[in-house]
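Chemist: Pasting a structure below so you can have a look.
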Amino acid sequence: MSTTTADSTASAPAPAAGLLDKERTIAGPGFNRWLVPPAALAIHLCIGMAYGFSVFWLPLSRALGIKEAIKCGPEVGFFAELFTTTCDWKVSTLGWMYTLFFVFLGCSAALWGGWLERAGPRKAGVVSALCWCGGMLISALGIHLHQFWLMILGSGIIGGIGLGLGYISPVSTLIKWFPDRRGMATGMAIMGFGGGAMIGSPLAAELMKNFASPTGVGVMQTFIVMAVVYFVFMLGGAFGYRVPPSGWKPAGWTPPVAQTSNAMITQRHVHVKKVWGIPQFWLVWLVLCMNVSAGIGVIGMASPMLQEVFGGSLIGVAKKIGELDTAQKAAIAGIAAGFTALLSLFNIGGRFFWASISDKLGRKLTYTIFFVLGGVLYASLPGSAGAGSTLLFVGAVCIILSMYGGGFATVPAYLADLFGTQMVGAIHGRLLTAWATAGILGPVIVNYMRDYQLGLGIPREQVYNQTMYILVGMLVIGLIANLSIRPVADKHFMSDEELAEEKRLAHDRAAAADVGSGPGAGGTTPTFVVALAWAAVGIPLAWGVYKTLLTVGKFFA
């Protein structure tokens, strides 16, 4: 039985299409749609190392001094550090690479999201690989020459552009392959971005340890090796992408009828050029910004927050953080590292869990849970801290982080529900400006409120109390925005003629074809091929989880 809806105007892909053109990625008969998620994971697991770049900060801060950092004098400001070759970079200076990652991720996704829809995921994936891995090689040159501006250019700017293109490259494709499970599909891919650091950080640590010598800290060589490995994986992912023929749908699946099943899910499509003027886009923008701002603020301070709030009680000593000796502080720092690793597991697991649950509950209800439950949990943290209950405190933060990750994974499906699937990748790219905003807003609120509270003489174990209530207020704003979302008005959707023209421009000209039968979108792809594709991403991910669990063990020891 055919699973493809015929399109009388469709034609076979143009013979002259290049290897990277979208026409060359249109799936043929018998293609199994379960080959697409591992292709997306291959790219996301590589670019997700952006979360783990802090593993390089301390070694790079003594790149010249090797054992001890050669500190710059007071006359060497930030701009002088970009070019100096006589002293080591400060950790705070190196941190600008992390900031630029997410600024350029949001900007590049917004700027080139429309191009991606027309160029296709393969071309976008290859460009992402060239930018991300090429940026790491430029950074390696910057380390060799001790020129920080090269690292800013390489990883911060060029790499950041690669992040944006790689992040959104599979979104539209996955949603079109899994119209019956939009949340689960995007959750699988975006889970990979959260899991990238779980693989990359321990891998980088092992490589730096291997390459370290009396004359170098091993970061340059590590960058080169990781760039090559990532490039191979990302190209594999890019060439593994396939897009479904026009009109394809899973066998036995009937699109929901808006009037009778779910008015929030449209079968029509909005052009990306119109979204800036649609109220629902800005409401979803605010929803994502508030959810991410609250979560990212906690992520950035998770380790010092646990240490300052509970102090010596983490190791069974009735002392505050300022009363501990060096050995005791080292012991609780190890426990805090385990806490941070535990949060990363909940961040990753939440991306898949909540996005999958949203297929049943609906996106609006899922985000309502994020804001209501999140608000209760944030408000409970001062109480559990005051009562000295480490279990309640850690449990609340873990659930909060699961919803932080879940917010990222659920929002592409939310956009597809509201604006249709034709240009959801481009629309998602523009929405990621909310992430760039949140990446500044959340940490600024948490960090500056902490400093302000300390300046008032408030004890360290209490400096986060007011901050938690401010974050609750941000979640209330997000809740109001989410509850205000209604179906998009008819006037914003493309007409049939406009949609046909957009499909033509996007090279979506595949002939209606039989892609097999059954829920797997074609049963003729050999099972072992699907198994190999999943093993290629599953084995590294399992290794990363194992290494993370070893660190988590320090928390429960």
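The values are calculated or read from the model by the stated rules, or taken from the named source; none is laboratory data. Keep in mind it's a predicted model, so treat the numbers as computed, not measured. Heads up, the Cβs are rebuilt from the backbone with ideal geometry, glycines too, and the neighbour counts pull from every protein chain shown. The area values use the complete protein model at the heavy-atom level, side chains included, leaving out ligands, DNA and RNA. Shrake-Rupley method; radii C 1.70, N 1.55, O 1.52, S 1.80 Å.
Chemist: Can you list the residues, at least 5 places off or on another chain, whose amide H is less than 5 Å from the amide H of F31, using H built in the peptide plane?
Modeler: For F31, no residues qualify.
Chemist: Then there is this: Cα axis of helix 390-419 to longest principal axis of the chain: angle in degrees, 0 to 90, nearest 10?
Modeler: For 390-419 against the chain, the angle is about 30 degrees.
Chemist: Please list, ordered by chain and number, the residues whose modelled amide H lies under 5 Å from the amide H of V243; skip anything fewer than 5 residues away on the same chain.
Modeler: Close amide H contacts, sequence-distant or interchain: I26, A27.
Chemist: Which cysteines does the chain leave without a neighbouring Cys Cβ under 4.7 Å?
Modeler: C46, C107, C131, C133, C289, C398
Chemist: By a straight-distance test (C-alpha under 17 Å), which aspartates and glutamates pair with K90 as possible cross-link partners, with residues fewer than eight away in the same chain excluded?
Modeler: Qualifying aspartates and glutamates at Cα under 17 Å: E68, E75, E81.
Chemist: Then there's this: Using only Cα atoms, find the angle between the long axis of helix 91-119 and the longest principal axis of the chain, and express it within 0 to 90 degrees, rounded to the nearest 10.
Modeler: 0
Chemist: Now for a different question. Based on Cα positions only, what radius of gyration and what Dmax would you give for the range 191-330, in angstroms?
Modeler: Taking only Cα atoms of the range 191-330, I get Rg and Dmax of 25.0, 71 Å.
Chemist: Hey, what angle do you get for helix 182-211 against the long axis of the chain, alpha-carbon based, 0 to 90 degrees rounded to 10?
Modeler: Approximately 40 degrees, to the nearest ten.
Chemist: So what's the gap between the Cα centers of the range 379-417 and the range 276-316, to the nearest angstrom?
Modeler: 8
Chemist: At a 10 angstrom cut-off on C-beta neighbours, averaged per residue, how do the peptides 129-142, 85-98, 286-299 rank from highest to lowest?
Modeler: Packing proxy ranking, top to bottom: 286-299, 129-142, 85-98.
Chemist: With every protein chain kept in place and ligands, DNA and RNA left out, what is the accessible area per residue of the range 69-222? Probe 1.4 Å, answer in Å².
Modeler: Ligands and nucleic acids excluded, the result is 34 Å² per residue.
Chemist: Could you calculate the contour length gain from L532 to T254, that is, 0.36 nm times the residue separation minus the distance between their Cα atoms, to one decimal place in nm?
Modeler: Stretched fully, the L532-T254 segment lengthens by 97.0 nm.
Chemist: Now for a different question. With r as the distance between the Cβ atoms of L19 and A333 and R0 = 56 Å, compute the FRET efficiency 1/(1 + (r/R0)^6) and round to 0.05.
Modeler: 0.65
Chemist: Per residue, how many Å² of accessible area does the range 252-377 show with a 1.4 Å probe?
Modeler: It amounts to 42 Å² per residue over the range 252-377.
Chemist: Okay, moving on. Let me check against my output: what whole-number percent is the relative contact order of the range 196-298, with C-alpha pairs under 8 Å and at least 6 apart?
Modeler: This gives 9 percent for the range 196-298.
Chemist: A further question follows. When the scattering of the range 61-181 is computed by the Debye formula from its Cα atoms alone, each counted once and equally, what is log10 I(q)/I(0) at q = 0.13 Å⁻¹?
Modeler: Values returned for q = 0.13 Å⁻¹ are -0.59.
Chemist: Over the chain, what percent of the accessible surface lies on carbon and sulfur atoms, probe 1.4 Å?
Modeler: Carbon with sulfur: 67 percent of the solvent-accessible area.
Chemist: Could you quote the convex hull projected area for the chain, Cα atoms only and averaged over all directions, in nm²?
Modeler: 26.4
Chemist: Further, regarding this structure: Apply 1/(1 + (r/R0)^6) to the Cβ-Cβ distance of I440 and I315, taking R0 = 35 Å, and write down the FRET efficiency to the nearest 0.05.
Modeler: 0.50
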